[in-house]
1. Would you mention how many residues in the stretch 244-299 are among the polar types (S, T, N, Q) and closer than 16 Å to Arg234 by Cβ?
2. Just the residues that are open to solvent by 30 Å² or more (accessible area, probe 1.4 Å), among the β-branched types (Val, Ile, Thr) and either within 19 Å of Ser296 (Cα to Cα) or assigned to a strand (DSSP E or B) (or both), please, taken from the stretch 192-237.
3. I need the full set of residues from the stretch 238-273 which are in a loop (DSSP other than H, G, I, E, B), touching a residue at least 60 places away in the same chain (Cβ under 8 Å) and of a type outside the set (A, V, I, L, M), in order please.
4. Read through the list (1) surrounded by 20 or more Cβ atoms within 10 Å (Cβ to Cβ); (2) more than 22 Å from Asn315 (Cβ to Cβ), then give the number of the only condition that Ala142 fails.
5. Could you say whether any residue in the stretch 74-89 is part of a loop (DSSP other than H, G, I, E, B) and either open to solvent by 60 Å² or more (accessible area, probe 1.4 Å) or of a type in the set (Gly, Ala, Ser) (or both)?
Amino acid sequence: MAMVAIWATPSLEKKQIFPLEPVVVTRPGLEPADFLLQPLVIEASNTELVDTLTISGVIHSSLYNALNESGVGVLPPSARHQLAWSLADIFEYKVDMSRDLRQGDKFHLLVERLQKPNGAIIVNKVLGARLALSNGHNPLEAIHFDTPGTSTGQYYDASGMSLRAAFLRAPVAFRRISSIFGMRKHPLFGEWRNHTGTDYAAAMGTPVRAIGDGVVIFAGTKGGYGNMIDIRHRNGMISRYGHMRNFATGMRPGTRVAMGSTIGYVGMTGWATGPHLHFEIRVDGVARDPKLALESRGGEPIPAGERGLFQKMRNQTLASLNQAHLANLSE
């Protein structure tokens, strides 16, 4: 694991503490003194302190553990934990963090660190990110850019295309996979059957989200799927969600759903040995590997009037990430 800070960036300022002369506290007629009071004057400030730093690392077991180790000394545990989820959110249209990450994958992050007046340190914003997967593909890059009309900004790739795509890569936000598309030994029937989807093992009641905008065409009980919902999307593709404990309010045929909206909750109805979500993609009635069916080339481009400013910010962000990469190699 490696963690590199941009050495041109000053560290967060410490508060000044001034010890004063001790004060003798007594009550009339009593000797000796009851106790001594040693007062301190602490210089307080209502100013938030902001700086930037880079964090780099290699995944050995999980993204969560890698970021937790890489951020030691520069971020408190709570901020390191949140950073893992933030990175997953940034790339959730490109990578399913529960099944696409492998040992040896690398990341480099440029983050804005904020110290509040009460001393709490948080990650205020991820300014840039690079995720190098060991599958031979080019590294994925994300640059944060505030476009007109947005309050939080969006993430774009180096070419200026939005990372936000038509579909999410996974139907549950906090997830781990129990099986993958293809042949597996059925846990109940004890025989090899073609498993036409992906199972996401998750705690009972974990929210299940629609992977894209669409219309519910089935919501009910269906054989081994148990409680199941089918959603038809604009391109004719159908996403299927099975074994759910129950559905969200209003889920019935004809209901329109938005990408990311909760449609139900993880359960173990139907042929299931434990709580998990069965997820399928069907095209022309045939089950397809979700990983391949949901591949996307990105969203809308940067508005033409903002391209010059974006390119300047992109160059600065990528330069910082490259610097972190080179420093990481030299260690």
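The values are calculated or read from the model by the stated rules, or taken from the named source; none is laboratory data. Just so it is clear, the model here is predicted, and its values are computed rather than measured. So basically every Cβ, Gly included, is an ideal-geometry build from the backbone, and we count neighbours across all protein chains shown. Please note that ligands, DNA and RNA were not included when accessible areas were found on the heavy atoms of the full protein model with its side chains. Shrake-Rupley method; radii C 1.70, N 1.55, O 1.52, S 1.80 Å.
1. So the answer is 3.
2. Selection gives Val215, Ile217, Thr221.
3. Gly260, Trp271, Thr273
4. In the conditions (1) surrounded by 20 or more Cβ atoms within 10 Å (Cβ to Cβ); (2) more than 22 Å from Asn315 (Cβ to Cβ), Ala142 misses (2) alone.
5. no
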